[in-house]
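Okay, so here's the structure we're looking at.
The values are calculated or read from the model by the stated rules, or taken from the named source; none is laboratory data. Only a predicted model underlies this, so the values are computations on that prediction, with no experimental measurement involved. Every residue, glycine as well, gets a Cβ built from its backbone with ideal geometry; the counts of neighbours run over all protein chains shown. What goes into the accessible areas is simple: the full protein's heavy atoms, side chains included, and nothing from ligands, DNA or RNA. Shrake-Rupley method; radii C 1.70, N 1.55, O 1.52, S 1.80 Å.
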Amino acid sequence: MIKLFKQKNRAFTLVETLIALSIFSVSIIAMMSILGGGIANTNYAKNKMTASYLAQEGIEYVRNMRDNAVLYTGSGNWTSFRNTPYISYPTPVDFIGFTREVWLDKSGLGPDEVKIFSTVSWTQGSGPFSITFSENLFNWVE
Amino acid sequence: MMNIKKIKKNKGFVLLFVIVISSIILAITLSIMNISLKEIKFGTSARDTNDAFFAADTGAECALFNDKSTVNAFTNPSPPTITCNGSSVVLNGTSPIWNFVLSGLGSGGQGCAKVTVNKSSSTTAIISKGYNLGDASCLSSSTNRVERELQMTFVASSPPLGPVENPCRNYNSCGAGSLATNPGPFNQGYKFTVNKNGVINALWAKTPDNLTHTVRLYDNVDGSVLASVDINGNTGMWVSGNLTTPVSVISGHSYVVAVRITIGNSSYYEPVSMPFTAGNITVNESRLGTWGSDAIPTSVNVTYMYGIADITFQTN
């Protein structure tokens, strides 16, 4: 009887069981890590959307500064706007988990033009990320 | 014997179990990867959208700036090169429809914009197409290229007119003259040269009677009547008549203004040394017409002003 049992299940040794188990666990671990990566990517996409809206708002903020400067007396003029060294409102203002920097660049541009940048940075599991928008503004009011 | 049978019956259970669990986890993994890939694409498209939109906005602002009255690049038949984003931009097309390409826009300098400015009617139309990717000619075959278009139409306000100028009335001795009795039915006035572009929007006359007189504005080159207005005289007072359509006059050109004296009525005259310049107008000489004619007066007098007529001029 014992002989019969042994003979029939000859292939199922401990070594074979271990090999089968390791193959199974390796594939499970691989899929699990991909799963984790996928969830992290979803999180990255969420943060990127948030960051792009914040960066967009930074541009809008500077546009509003420009409009105030050229349209209303008493709130500066184009030249004073253009000479703003660094937009004071977001002195890297912290939104929860995000940092925004907005600045002006005059290099190589005419006196009635300025290039504005709005960068939002954030850090998540896989490292630091940032998104930057840029636009040129003109002194186009008559 | 029983045990062996049981083992035999359950043979392959582990394999089935492993396959079921593996495939469930695989399915979950694949679906989550699918979702996250799409979200990344969505997030990237949000960035590309903004890059394209800001490129379009930069193009539109560039067009607006160069459409300002101080630059006026798009009403010039041979437009000057315009400068945007730190480099000179070539205007293509023919007046009044122009188009140009801006490149090197956006934070990475990869964006570009194609702008069309149409000034063919009183309404200016600007169409600016912004792209997140594009070369110096704003071309790209990339599948990640996003376009955002801004259209704006507006009516450009005409620049404010200069102060009102009445060269004869403003001049000290013009308009306080002597009476010429029964001078005859003809045109009396003066020739003047405009020193700045502008409009004439009213004509004046001072007559000793209170009859209706026609005051005319002539082109000095061909003698054509540019405008005329009937004025009811008010015995020795200056009276004006507004022109329903103001006449645009061009710097350096000469015109003649004259009031028609009716038969048997008196008119004023006075000693004035001509030519003289008042404001942006040079009054060259007084002009007297021929008997009974409404045509442009041609007889010249530089010591006496006859008439007396005047214009209201405003620079633009």
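Here r is the Cβ-Cβ distance between B:L37 and B:N316 and R0 is 51 Å; the resulting FRET efficiency, rounded to 0.05, is 0.25. Per-atom-type breakdown for the protein assembly as shown gives carbon and sulfur 59% of the accessible area (1.4 Å probe, protein chains only).
Residues whose amide H comes within less than 5 Å of that of B:A180, counting only those at least five positions distant or on another chain, are B:S267, B:Y268, B:Y269 (H built at 1.01 Å from N in the peptide plane). With a threshold of 31 Å on the Cα-Cα distance, the over-threshold entries among A:K106/B:K196; B:K68/B:K129; B:K68/B:K191 are A:K106/B:K196; B:K68/B:K191.
Out of B:K114, B:K41, B:K129, any idea which swings most in a Gaussian network model of chain B, alpha carbons joined below 10 Å? Between B:K114, B:K41, B:K129, it is B:K41 that shows the largest mean-square fluctuation.
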